[in-house]
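> Questions regarding the structure given below will be posed in turn.
Read the figures in this text as sums done on the coordinates, not as results from a lab. Source: prediction; values computed, not measured. When we count neighbours, we look across all protein chains shown, and the Cβ atoms used for this are built from the backbone with ideal geometry, even at glycine.
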Amino acid sequence: KKKKNEQTNTVCLIWTKLDCWAIGCIFGELLNHKPLLPGRTEPAQVELIVGLLGEPSDSIWADFSSLPFSRSFRWPPQPFNTLRDKFPFLSELGLDLLNRVWLSFSAPLFLSLLFSL
């Protein structure tokens, strides 16, 4: 029987992903000396995220189309990632770290986290 405050693996994965996202945003802000995604409302924030990372799809977010409301939500049209445009001075390794580990729609793999540390 689960204890009252015990977390499941799913909850731990969600918090890990949020922590990685926060690290990516802070890293981006340190690099650019300004907020990375300064949305003032939820729709504005979604538009900024999609503008930076591209539209979510099954190819970059496993099983995205099976998520509730994934088909009914209208994303701003942005078929590709624009991190290279935002950070033209970043090395391939730095860009890869931002793109695949910290600012990614899909949950990071444990080994990717170890690599980033």
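> Take the alpha-carbon centre of segment 45-97, take the same for segment 20-38, and report the distance between them in whole Å.
16 Å
> Here's another thing I want to ask about it. In nm, what is the difference between 0.36 nm times the number of residues separating residue 46 and residue 33 and their Cα-Cα distance?
Length difference between fully extended and current span is 2.5 nm.
> Let me ask something additional. Using θ = phi - 60° and the Karplus relation 6.51 cos²θ - 1.76 cosθ + 1.60, list the HN-Hα couplings for segment 85-91 in order, rounded to whole Hz, with x at every Gly or Pro.
Karplus-based 3J(HN,Hα) across segment 85-91 equals 5, 6, 10, x, 8, 7, 5 Hz.
> Please list, ordered by chain and number, the residues whose modelled amide H lies under 5 Å from the amide H of residue 78; skip anything fewer than 5 residues away on the same chain.
The answer is 55.
> Extension gain residue 26-residue 82, at 0.36 nm per residue separation less the Cα-Cα distance, in nm?
18.4 nm
> Give a residue-ordered list of calculated ³J(HN,Hα) values for segment 31-47 (Karplus: 6.51 cos²θ - 1.76 cosθ + 1.60, θ = phi - 60°; whole Hz; x for Gly, Pro).
5, 9, 6, 6, x, 6, 10, x, x, 9, 9, 4, x, 5, 5, 4, 4
> Can you give me the three principal axis dimensions of segment 25-70 from its C-alpha atoms, in Å, biggest first?
Here the spans come out as 37, 22, 14 Å, largest first.
> Excluding residue 55 itself, calculate the net charge of residues whose Cβ lies under 13 Å from the Cβ of residue 55, where each Lys or Arg counts +1 and each Asp or Glu counts -1.
Net local charge, residue 55 excluded: 0.
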